[in-house]
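Chemist: Structure below; questions to follow.
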Amino acid sequence: MERGAADLIERARAGDGDAFRQLTEPHRRELQVHCYRMLGSLQDAEDALQDTLLSAWQGLGGFEARASLRTWLYRIATNRCLNALRAASRRPAQEWNIPNVEPPEPTRLGEVTWLEPFPDALLEGAIGAPPGPEARYEKAESISLAFVTALQLLPPRQVAVLILRDVLGYRASEVAGMLDTTVESVNSALKRARASLQRHQSPGARRGRPPAAGSPAEEAIVARFTSAYESADLDALVALLTDDVFTSMPPMPLEYEGRDATARFFALLLASGRAYSLIPTRANGQPAFGSYVRGPDGVRHATGVFVLTLAGDQISALARFEGSVLPWFGLPRSLPPR
């Protein structure tokens, strides 16, 4: 351990809060992302992060530096998330809440109704040490909505093992130490987790790679979607969708799979006589929009956040989230008339 870090640890053990913050602040963002991957909810991740930092502050006297401080913090965060998952009283599914509009029959009812988007602004500074050589996922894929959703359908211990091994690249022996188990148990859990993850990912998640973030190809799709939605051009919107496009709307459980089912859903929204505006943002490394509907006085009121999953030059998934998430993206509750 470097002398500077050792000095900070000694000062923090003596009760120096500033020293503790200097030790932990470089890891704060990546720990928040780790908790989000495990829990699928930004609110729950923030709670778990605060629990982690409190536990680290209280337990710093027991840190023996046999592993790095970063690994020690990941051990605490992982176990705090596991405790949260085991005691989970997840937020219940919400009923349809658009007045005077009856939704079409869904393809199915989703299980992960607590899912929340993760603002890209919070990803800045979230990459700590490079992942280990055994990591299997790139950063963009490991924070995508499809990946995080599929994780939520795995047993808690499998979620932890898969993230620590395949996303962060920790060795099996390190993960066994972090979870107080054996290497054999880690390898077995990882094998089951990989197989289950493959089954649970939606069809759209397995299509072609998305264009690079901020590229002309991505910007072109975003512009076409915005134009189609704001002009209520259903044909133009449907033309952007893959055959097996998947639409979800947490915390409502309604899910629509396939172009025809998704077209029926958007036909309902766009034919309601409402005039929409979309304000671009980003979530989970993907294009996103704050959605606003114009009221009788011309003021545009927020209705929610859309996140798009792109595959090549098409949209393979759409997720609509409630307006309560808007402040995380720095988006207002209303916009002036235009």
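The values are calculated or read from the model by the stated rules, or taken from the named source; none is laboratory data. Since this is a predicted model, take the numbers as computed values, not measurements. All Cβ positions, glycine included, derive from the backbone under ideal geometry; neighbour counts span all protein chains shown.
Chemist: If the requirement is being in the same structural domain as PHE321 (by TED's automatic domain parsing), part of a helix (DSSP H, G or I), in contact with a Leu (Cβ under 6 Å, 6 or more places away or on another chain) and within 18 Å of ASP313 (Cα to Cα), which of these qualifies: ALA228, ALA236? Break it down into steps so the answer makes sense when it comes.
Modeler: On the way: ALA236 fails: in contact with a Leu (Cβ under 6 Å, 6 or more places away or on another chain).
Residue meeting the stated conditions: ALA228.
Chemist: Filter the stretch 124-142 down to residues that are surrounded by 15 or more Cβ atoms within 10 Å (Cβ to Cβ) and either touching a strand residue (DSSP E or B) at 6+ places or on another chain (Cβ under 9 Å) or among the acidic types (Asp, Glu) (or both) and give me whichever is farthest from THR24 (Cα to Cα).
Modeler: Here the answer is GLU141.
Chemist: Could I ask something else about it? When GLY214 is evaluated against the numbered criteria (1) more than 23 Å from the chain's Cα centre (by Cα); (2) farther than 30 Å from ALA261 by Cβ; (3) assigned to a loop (DSSP other than H, G, I, E, B), which criterion, by number, is the only one it fails?
Modeler: (1)
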